[in-house]
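Input: a single structure, listed below in structure tokens.
The values are calculated or read from the model by the stated rules, or taken from the named source; none is laboratory data. Worth saying up front: this structure is predicted, and the values here are computed from it rather than measured. Methodologically, a virtual Cβ is constructed for each residue, glycine included, from the backbone with ideal geometry; neighbour enumeration extends over all protein chains shown. Note: accessible area is taken over every heavy atom of the protein model, side chains too, but ligands, DNA and RNA are not part of it. Shrake-Rupley method; radii C 1.70, N 1.55, O 1.52, S 1.80 Å.
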Amino acid sequence: MSNSPNRIHSKAITLGILKAVGVLVAVAVVLWFLYKIQSVLVYIAFAAVISLMGRPLVVFFKRRLHFRNTIAVICTLFIITILFLSIFTLFIPIVIEQAQLIGEINIENVGDDLDQLNNQISEFFGINRLSFVELVKQSDLVNFINFRSIPDMVNSFLNIFGSVMLGIFSILFISFFFLKDSQILEGSLLAFAQQGDEGKFRTAFNKIKDLLSRYFVGLLLQITIIFVLYTILLLVFGINNAIAIALIAAIFNIIPYIGPLVGGMFIIVLATTSNLGMDFSTVIFPKLVYIVIGYMIVQLVDNFFNQPIIFGNSVKSHPLEIFLVIIIGGLLFGIGGMIVAIPAYTSLKVIAKEFWSEYKIVAKLTKDL
């Protein structure tokens, strides 16, 4: 009889261990499954962003033009598709053209042009010859790179067009149903809500959807404004492929704080190389100075006009709060963390307001929501 409690205790421990092992195995299986379908998850994420961006357009078609829901969704996706195809077709001819030009480059002439530019820079600033040109010339980097193979690489890249089209079709297909029936995603997420919390969960979901929709639309507007200003700046100074360069630099602006610096360096480098062979003191340097000044003016417009509207009004957070969230996101998850920091933080604030509003810190942070 005395061994009976021990047996019961041992059995309970064994069952606990088996249950813990079962949970760990289940978690491992779920993570493995998510890893295997990561491309599908990416499609869903892109579709969710597109649906959030397209939601105001659908509402406009339905309320202002009195379109039926399905027609409004189709028109919205058609506009988005045309926009992305326009961007895509803008880059393809430029990439092919540049690849052909690179394949025809005479390495010796490029070396002479760089050497001449190096001498001009050294004389203009009164400094010793820059060492990076000599370093490149002394290395085997030029011999290592087969420039004539770049057109073949471009052709190989274009061969994956079918796979890209499959991804685009999948994203548009999912986006269609997200826009047509906004309850699909909500119903799927409600499955994770505890019984009795469905109302709070639904309120939080709708609030998040509204805030993120305004944020992504504002972000698209910000990129468009910057793109137009960059294009005007580069066209004024006769930079080759100004539209494509301006678009790439504007897209870099999505990355908070780091993106504008990278975009500026990108513009400066391409502006310099497009004038390679010209006199540095009378042509290249004055043009670069004007471009840098224009770039700084665009950034001032963005910092004092675009960003306060987007980050302040759309997600309803203090600029210092946004700054700290972006820095923390970058420290934890790198560049990707910086990009998704604001949407993720906004979602967490809404959830916290609905479920933990009794805490003072939550009430303080979410008072404007």
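Filter region 21-50 down to residues that are open to solvent by less than 90 Å² (accessible area, probe 1.4 Å) and within 16 Å of the chain's Cα centre (by Cα), then give me how many there are. Number satisfying all stated conditions: 8.
Taking every residue in region 42-65 that is outside the structural domain of ILE80 (by the TED database) and modelled with pLDDT under 85 and pairing it with any residue that is assigned to a helix (DSSP H, G or I) and not small (Gly, Ala, Ser), at least 6 positions away or on another chain, yields no pair with a Cβ-Cβ distance below 7 Å.
Scanning region 331-352 for residues that are touching a residue at least 24 places away in the same chain (Cβ under 8 Å) and open to solvent by less than 30 Å² (accessible area, probe 1.4 Å) returns MET338, ALA341, ILE342, PRO343, THR346, SER347, LYS349, VAL350.
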